[in-house]
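Values quoted throughout were computed directly from the atomic coordinates according to the rules given, and no laboratory measurement underlies them. These figures come from a predicted structure and were not determined experimentally. Methodologically, a virtual Cβ is constructed for each residue, glycine included, from the backbone with ideal geometry; neighbour enumeration extends over all protein chains shown.
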């Protein structure tokens, strides 16, 4: 099973949407493998958003991500990164389709409720950035037989 990173951003925490967002991933059939609350630092944000360093909004993004603690999660399932990206919708909440997390709860490109790894490859890097090995758990859901065909798991 593939693992992917999800961060419930300060816009999610401040608006008390954490349970609603988590339930969307659970209802889809993903398995929560790890979760913790943390206050992000400049150091970790500089690493995490290094690809945005030269963009004019880089500092604004970092400031936004430090307003309050965030919820860091590891979700698991077949094609987990792709499934999560589909559930959250496009970056700009104004353009995200209704029914997606951003489409239902966001009207901003920045204050868009959630960050998610954009691929299985980036998920591996991002998960190592936020979790130690002993913070990600492996257990079987009793519902697997009702989520996947026998030859998928």
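Brief remarks on what is shown
- The stretch 2-147 - Rg (one decimal) and Dmax (whole number), Cα, Å: 14.7, 48
- Relative contact order of the chain: 34 percent, from C-alpha pairs under 8 Å at least 6 residues apart in sequence.
- Inter-centroid distance (Cα atoms) of the stretch 1-74 relative to the stretch 88-115, Å: 14
- Coarse-grained scattering of the stretch 1-70 at q = 0.28 Å⁻¹, given as base-10 log I(q)/I(0) from a Debye sum over alpha-carbon atoms: -1.24
- Peptides 78-86, 145-153 ranked from most to least packed, by the mean per-residue count of other Cβ atoms within 10 Å: 78-86, 145-153.
- Working ranking of peptides 126-132, 69-75, 88-94 by packing, defined as the average number of other Cβ atoms within 10 Å per residue, highest first, is 69-75, 88-94, 126-132.
- Only DSSP H runs of four or more residues enter the estimate; each adds -39500 (n - 2.57), and after division by the residues of the chain the mean residue ellipticity at 222 nm equals -10000 deg cm²/dmol.
- Shape call, the stretch 79-153: gyration tensor on alpha carbons, a/c limit 1.5: oblate
- Residue list for the stretch 98-114, given a label point 7 angstrom along the Cα-to-Cβ vector of residue 57 and an amide N cut-off under 17 Å: 102-103, 105-114
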